[in-house]
Amino acid sequence: MPVKVALAQVDATAGDVRGNASRVLEAIDEAKRLGAEVCAFPELVVVGYAPYDLLLRPDLVAEAWEATTIIAHEAKGLTVVLGTVQPIPGKRRVWNLAAVLSGGRIASTQAKTLLPAYEVFHDPRHFVPAPARVPVDVCGRKTGLLVCEDIWDEGYDVHPPAEQIAAGARLLIAPSASPYRQGVLKERLRHARRPGAPLIYVNGVGGQDELIYDGGSFVVDASGRLLAMLPRFEEAVQVVDIDAVPPIEEPVVDPDEELFGALVLGIRSFVRKNGLKKAFIGLSGGVDSALVACLAKEAIGGEAVHAIALPSRFNDPRSTECAAELARGLGIGFEVVSIEQLHVAALSTLGPVLEGDAGTTAENLQARLRCLVLMAHVNRRGGILLNTTNKTEATLGYGTLYGDLAGGLAPLMDVTKPEVYRLARWFNARHRVIPDFILDRPPSAELKPDQVDPFDYPHISPIAEAIVRGASRDELDAMGATEEEIGRVDRLLRHAEHKRWQAPVILKVSWTAFGLGRLVPVTHRHDRE
């Protein structure tokens, strides 16, 4: 019998059980209006993904299970498949479930089997794996429920999709919370096509701290043909008649548009979900801060973004002029606050410390004074400081603690320097707001006369990124990396570990990002062979 399934990719917030349940019920009403028989939701939609140690609170788990029973009652007339948690009597850990709600009750459940413990995933800390996988009835069709990682089963000893099909499942539904990484959509489709059965994949959408959920829910048939795909980076409810709809072409993905959209969603979600009204940016006249300004304007609107230029006597006047021009073009707030008097006073106060050739000690004063001004604005006017450091700088330790590494959110700290230029030029080709001087000038911190950054970014960034993701020596040799370059990057990476541990929340957009996905100790002595 044909089944009309509504894919409901909704934006849930970790711990907000009441708000999440309300959003689920709104989507159920929309699914009913569209004539759906089944409505499928993402993984852990009731409690919000990723809840991490919020799941150690028994009251939250109990509230989520109670909310699931209430949703079941309210959803009468529609079968619902959604992700939730269920307490296990006598255990600290819980079930991560796909629950089938039908007839006003929780009709059946399937716990998640494969509990990932890599990158940002720490499932074994909170969940108990399913002991068995048994198809359930969904509108008269024997259906296998697979929770997120259960379809990413390569390399595991247990293979949930195969077990469900062997047990008679003729349809697979996969509630998921798969975070965005560049190129991840192709990987999701590849895994969804492997079982050789119709599969409904419902992904979450929205940002949750460093993680960005990009939506893009889809349906594939038994031959792996794409039947439907929901939009990326926005909430949506779409009904698909899985037995009647014709195949569609796989969408062509513009990698720059995709990455830009992910960063915009990450900023928007972080600002809104944390109740922040305004974002501040130190707009230097460089490409990194220019791109952050463009992202912030797209994410939360020009009226909520305020940029501050903070020149000293070492700044090229064109830096401030171009910052002002960019701000006007974007329609964001802007002002100039010179740090010259603060700098003179700091030099006077710290005179004995700065005797002789003080080098970076003297230079870093300016970065910290700029942070002092920026944070004064944040504290006085409310909001958040957006950090402008890119991933290459963070990898190489090229940033000042309590200075240009400060902020509440780092949109670019998982975006390499060449990617920053690429995204800025992509945006500028469409909007023409970034002055050419910003895009063409040599990168500079402008902390001393005629200063330029001490790196050939187009060459060193790919090497640094490869080392961060754990590339082999053969891979590095193939890139043309010399022994000296590898050793230098490795030393800089290791020596900056303490800085990255104190960095703001970093929006994760690559497969190996700093933050929760890369837990390297500050104190260690392992050298690359």
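Of the residues making up the stretch 334-366, just one is touching a helix residue (DSSP H, G or I) at 6+ places or on another chain (Cβ under 8 Å), farther than 17 Å from residue 314 by Cβ and modelled with pLDDT of 95 or more, namely 334.
Taken over the stretch 278-298, residues that are of a type in the set (S, T, N, Q) and open to solvent by 10 Å² or more (accessible area, probe 1.4 Å) amount to 1.
Selection within the stretch 147-205: residues that are touching a strand residue (DSSP E or B) at 6+ places or on another chain (Cβ under 7 Å), among the basic types (Lys, Arg) and part of a helix (DSSP H, G or I). The member of this set that is nearest to residue 217 (Cα to Cα) is 188. Being under 24 Å from residue 372 (Cβ atoms), touching a residue at least 24 places away in the same chain (Cβ under 8 Å), in contact with an Asp or Glu (Cβ under 9 Å, 6 or more places away or on another chain) and assigned to a helix (DSSP H, G or I) holds for only one residue in 314, 270, and it is 270. If you filter the stretch 147-178 down to residues that are under 30 Å from residue 233 (Cβ atoms) and out of contact with any Asp or Glu (no Cβ under 9 Å at 6 or more places or on another chain), you find that the one that is surrounded by the most Cβ atoms within 10 Å (Cβ to Cβ) is 150.
Is it true that some residue in the stretch 506-526 is assigned to a helix (DSSP H, G or I) and under 27 Å from the mean Cα position of the chain (by Cα)?
no
Which residue, of 275, 331, 301, is in contact with a Gly (Cβ under 7 Å, 6 or more places away or on another chain), at positive phi and open to solvent by 10 Å² or more (accessible area, probe 1.4 Å)? Within the list 275, 331, 301, the selection yields 331.
If you go through the stretch 22-45 and keep only what is touching a helix residue (DSSP H, G or I) at 6+ places or on another chain (Cβ under 8 Å), more than 26 Å from residue 221 (Cβ to Cβ) and crowded, with 24+ Cβ neighbours inside 10 Å, you end up with just 24.
Number of residues in the stretch 319-328 that are open to solvent by 20 Å² or more (accessible area, probe 1.4 Å) and of a type in the set (S, T, N, Q): the value is 1.
For the stretch 92-126, the candidate set comprises residues that are under 24 Å from the mean Cα position of the chain (by Cα) and charged (D, E, K, R); within that set, the residue that is surrounded by the most Cβ atoms within 10 Å (Cβ to Cβ) is 112.
Across the stretch 78-106, the qualifying residues are those that are in a strand (DSSP E or B) and among the β-branched types (Val, Ile, Thr), and the one among them that is farthest from residue 56 (Cα to Cα) is 79.
Just one of the listed residues (98, 130) is of a type outside the set (Ser, Thr, Tyr) and farther than 23 Å from residue 29 by Cβ, namely 130.
Inspect the stretch 344-354 for any residue being assigned to a helix (DSSP H, G or I), out of contact with any Lys or Arg (no Cβ under 9 Å at 6 or more places or on another chain) and touching a residue at least 12 places away in the same chain (Cβ under 8 Å) and give the result as yes or no.
Yes.
For residues that are over 21 Å from the mean Cα position of the chain (by Cα) and surrounded by fewer than 24 Cβ atoms within 10 Å (Cβ to Cβ), scanning just the stretch 1-16, find the one that is farthest from residue 207 (Cα to Cα).
Here is the first cut: in the stretch 1-16, the residues over 21 Å from the mean Cα position of the chain (by Cα) are 1-7.
Checking which are surrounded by fewer than 24 Cβ atoms within 10 Å (Cβ to Cβ) leaves us with 1-4.
Numbers: 1: 37, 2: 35, 3: 31, 4: 29 Å.
For the stretch 1-16, the residue satisfying everything is 1.
Based on what the data block shows, is residue 395 closer than 30 Å to residue 462 by Cα, touching a strand residue (DSSP E or B) at 6+ places or on another chain (Cβ under 8 Å) and either modelled with pLDDT of 90 or more or open to solvent by less than 50 Å² (accessible area, probe 1.4 Å) (or both)? Considered against the rule, which asks whether it is closer than 30 Å to residue 462 by Cα, touching a strand residue (DSSP E or B) at 6+ places or on another chain (Cβ under 8 Å) and either modelled with pLDDT of 90 or more or open to solvent by less than 50 Å² (accessible area, probe 1.4 Å) (or both), residue 395 comes out as no.
Residue-wise test of (1) under 28 Å from residue 78 (Cβ atoms); (2) touching a residue at least 12 places away in the same chain (Cβ under 8 Å).
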residue: 157; (1), (2): no, no
residue: 182; (1), (2): no, yes
residue: 198; (1), (2): yes, yes
residue: 208; (1), (2): yes, yes
residue: 218; (1), (2): yes, yes
residue: 248; (1), (2): yes, yes
residue: 253; (1), (2): no, yes
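What about residue 407, is it out of contact with any Pro (no Cβ under 8 Å at 6 or more places or on another chain), farther than 14 Å from residue 291 by Cα, in contact (Cβ under 8 Å) with a residue 40 or more places away in the chain and not charged (D, E, K, R)?
Spelling it out, it is not the case that residue 407 is out of contact with any Pro (no Cβ under 8 Å at 6 or more places or on another chain), farther than 14 Å from residue 291 by Cα, in contact (Cβ under 8 Å) with a residue 40 or more places away in the chain and not charged (D, E, K, R).
Go through the residues of the stretch 367-375 one by one and say whether even a single one is in a strand (DSSP E or B), at pLDDT 95 or above, open to solvent by less than 30 Å² (accessible area, probe 1.4 Å) and more than 27 Å from residue 456 (Cα to Cα). No: zero hits.
Considered as a group, the residues in the stretch 472-496 that are in a loop (DSSP other than H, G, I, E, B) and either open to solvent by less than 60 Å² (accessible area, probe 1.4 Å) or at pLDDT 95 or above (or both) include one that is farthest from residue 347 (Cα to Cα), and that residue is 472. Consider the stretch 379-392 and keep the residues that are farther than 18 Å from residue 286 by Cβ and assigned to a helix (DSSP H, G or I). The one that is most open to solvent (accessible area, probe 1.4 Å) is 380. Taking (1) at pLDDT below 95; (2) closer than 26 Å to residue 457 by Cβ in turn, residue 323 satisfies each apart from (1).
The values are calculated or read from the model by the stated rules, or taken from the named source; none is laboratory data. None of these values were measured; they are calculated from a predicted model. Virtual Cβ from ideal backbone geometry, glycine too; neighbours counted across all protein chains shown. Accessible surface is based on the protein model in full, side chains and every heavy atom, while ligands, DNA and RNA are left aside. Shrake-Rupley method; radii C 1.70, N 1.55, O 1.52, S 1.80 Å.
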